[in-house]
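The values are calculated or read from the model by the stated rules, or taken from the named source; none is laboratory data. Everything quoted here is computed from the prediction, not taken from an experiment. All Cβ positions, even for glycine, are placed from backbone atoms using ideal geometry, and neighbour counts span all protein chains on display. Surface areas here come from the heavy atoms of the whole protein model, side chains and all, with no ligands, DNA or RNA. Shrake-Rupley method; radii C 1.70, N 1.55, O 1.52, S 1.80 Å.
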Amino acid sequence: MIYSSITGTGGYLPERIMDNAELEQMVDTSDEWIKSRTGVVKRHIAAEDEMTCDLAEHAARMAMEAASVSADDVDLIIVATTTPDLVFPSTACLLQERLGVRGSAAFDIQAVCTGFIYALSVADKFIKTGAANKALVVGAETLSRIIDWTDRDTCVLFGDGAGAVILEASEQPGIVSTFLHADGQHKDLLKVPVGISTNYAAIQEGSAYMQMQGNEVFKVAVNTLGRIVDETLAANNLEKKDIDWLVPHQANTRIISATAKKLDMPLDKVIVTIDQHGNTSAASVPLALDVAVRDGRIQRGDKLLLEAFGGGFTWGSALIDY
Ligand code: COA
């Protein structure tokens, strides 16, 4: 049996930092409100000439270096993003060219904040079936481009960034299980109501912005993530105490705390980066993973539960023997 295993991680945040004090100058909000309701202290914002692929490239190069993998070795690239550079080619193809990878499969996945979990699950299946050997899996976003910076309901939450992993075929797991779900009935609670075939003029006018019913999203997120924790533990015959680290999507500290509570897990076993990064959508889980691998909290042999929830709605988990 072939398994897939994470052999390197990388992460990148744009240079420019926007703290809550700056937001206080832009909308009717306060540092205290943002911190207490969301947990966000600051977020990073891409420069005008900095694209999603630029962020992805930094994170990808770090992951490849950590895994000692060269461009010639990579035979699959998947980029999870909701904010691609172009309609086409895919950001994965743009990244492939930048990295000097030739001939590999390369494609994007769009599952909003669950995008990285979806991409990891797909790459795992490529490796398990022998269709790929060394996959580069990236979550990268310039979410700031689809934020209405006059809308206090949304603009305080999000940030830009990229995270990446190298996934390699191995004799041991690795990725133990992944579960992916979606429920399109909730499509209107979190969306950008604009696209290539719908209201394209809004894109040309520069007003293609995210809309969110925060309260409703919050409730569904907490319930759904609770269910996916149960599903993952049951499918693997695990008890809550078997999980060493929770690496959650960084949407809101109150949502993260609710999932940790479901696992009877103290917050010091949860990787929290939302205070420093905000919600970076598909980048948030691989960025948090990279932070904790590099600062030494996550060690080889640890059992990790990665989970995410996002627009669609989509949600998913990955159980990993790191
Ligand atoms: N600053 C100050 N006040 C704000 C504000 C802001 N940025 N945004 C909203 N408010 C106000 C509201 O207008 C409301 O005022 P009112 O009581 O006078 O009507 C009050 O704060 C409470 O609003 P409410 O929406 O009930 O707050 P909340 O506790 O639900 O927190 C969110 C709002 C958005 C932080 C929270 O609902 C949330 O995190 N939802 C999930 C969002 C998410 O994670 N999305 C991405 C999923 S991947």
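Among the residues of the stretch 198-242, the ones that are more than 11 Å from the ligand (Cβ to nearest atom) and in a loop (DSSP other than H, G, I, E, B) come to 10 in all.
Taking residues in the stretch 27-38 that are over 20 Å from A251 (Cβ atoms), and partners anywhere that are open to solvent by 40 Å² or more (accessible area, probe 1.4 Å) and near the ligand (Cβ under 6 Å from one of its atoms), the pairs with Cβ atoms closer than 9 Å and at least 6 places apart or on different chains are D28/R152.
Inside the stretch 1-69, counting only helices (runs of 4 or more DSSP H) that do not spill past its ends, which hold 3 or more residues that are within 16 Å of the ligand (Cβ to nearest atom)?
Passing ranges, in order: 20-26, 31-38.
Filtered by the rule that a residue be within 25 Å of P173 (Cα to Cα), within 16 Å of the ligand (Cβ to nearest atom) and open to solvent by 40 Å² or more (accessible area, probe 1.4 Å), the stretch 110-130 gives a lone residue, Y118.
Would the stretch 274-289 turn up any residue that is free of Cβ contacts under 8 Å to residues at least 60 places away in the same chain and either more than 14 Å from the ligand (Cβ to nearest atom) or outside any helix (DSSP H, G or I) (or both)? No, because not a single residue in the stretch 274-289 is free of Cβ contacts under 8 Å to residues at least 60 places away in the same chain and either more than 14 Å from the ligand (Cβ to nearest atom) or outside any helix (DSSP H, G or I) (or both). Looking at (1) away from the ligand (no atom under 16 Å from the Cβ); (2) surrounded by 16 or more Cβ atoms within 10 Å (Cβ to Cβ); (3) not in a helix (DSSP H, G or I), find the lone condition where V247 falls short. The one condition V247 does not meet is (1).
Kindly establish whether I255 is among the β-branched types (V, I, T), within 20 Å of A56 (Cα to Cα) and within 11 Å of the ligand (Cβ to nearest atom). So I255 fails the test.
Considering only the stretch 181-195, I want to know if a residue exists there that is over 25 Å from V220 (Cα atoms) and either in contact (Cβ under 8 Å) with a residue 60 or more places away in the chain or within 21 Å of the chain's Cα centre (by Cα) (or both). For the stretch 181-195, residues over 25 Å from V220 (Cα atoms) and either in contact (Cβ under 8 Å) with a residue 60 or more places away in the chain or within 21 Å of the chain's Cα centre (by Cα) (or both): absent.
Report yes if T142 is buried (at least 24 other Cβ atoms within 10 Å of the Cβ), closer than 21 Å to M62 by Cα and in contact (Cβ under 8 Å) with a residue 60 or more places away in the chain, otherwise no. Show your work before the answer.
On the way: buried (at least 24 other Cβ atoms within 10 Å of the Cβ): yes; closer than 21 Å to M62 by Cα: yes; in contact (Cβ under 8 Å) with a residue 60 or more places away in the chain: yes.
So T142 passes the test.
The single condition among (1) of a type in the set (A, V, I, L, M, F, W, C); (2) over 25 Å from S177 (Cα atoms); (3) open to solvent by 40 Å² or more (accessible area, probe 1.4 Å) that F107 does not satisfy is (2). Checking each residue in the stretch 273-322 for being at positive phi and open to solvent by 10 Å² or more (accessible area, probe 1.4 Å) picks out G296, G301, G312. Scanning the stretch 198-235 for residues that are farther than 18 Å from F158 by Cα and open to solvent by 80 Å² or more (accessible area, probe 1.4 Å) yields a total of 7.
Kindly indicate whether A260 is touching a strand residue (DSSP E or B) at 6+ places or on another chain (Cβ under 9 Å) and at pLDDT below 95.
Numbers: touching a strand residue (DSSP E or B) at 6+ places or on another chain (Cβ under 9 Å): yes; at pLDDT below 95: yes.
It is true that A260 is touching a strand residue (DSSP E or B) at 6+ places or on another chain (Cβ under 9 Å) and at pLDDT below 95.
Looking at (1) over 29 Å from V176 (Cα atoms); (2) open to solvent by 40 Å² or more (accessible area, probe 1.4 Å); (3) over 21 Å from the mean Cα position of the chain (by Cα); (4) not small (G, A, S), can you tell me which one Y3 breaks? The failed condition is (1).
Listed by first and then second residue, the pairs linking a residue in the stretch 71-97 that is in a loop (DSSP other than H, G, I, E, B) to a residue that is among the acidic types (D, E) and open to solvent by less than 10 Å² (accessible area, probe 1.4 Å), with Cβ atoms under 7 Å apart and 6 or more places separating them unless they lie on different chains, are T81/E141; T82/E141; T83/E141. For residues in the stretch 149-197 being within 12 Å of the ligand (Cβ to nearest atom) and charged (D, E, K, R), which is least open to solvent (accessible area, probe 1.4 Å)? Once the filter is applied, the top-ranked residue is D151. For the stretch 259-272, the set of residues classified as open to solvent by 10 Å² or more (accessible area, probe 1.4 Å) and on the phi < 0 side of the Ramachandran plot consists of K261, K262, M265, P266, L267, D268, K269, V272, listed by residue number. For the stretch 29-43, state whether one or more residues are open to solvent by 60 Å² or more (accessible area, probe 1.4 Å) and closer than 30 Å to N133 by Cβ. No: the stretch 29-43 contains no residue that is open to solvent by 60 Å² or more (accessible area, probe 1.4 Å) and closer than 30 Å to N133 by Cβ.
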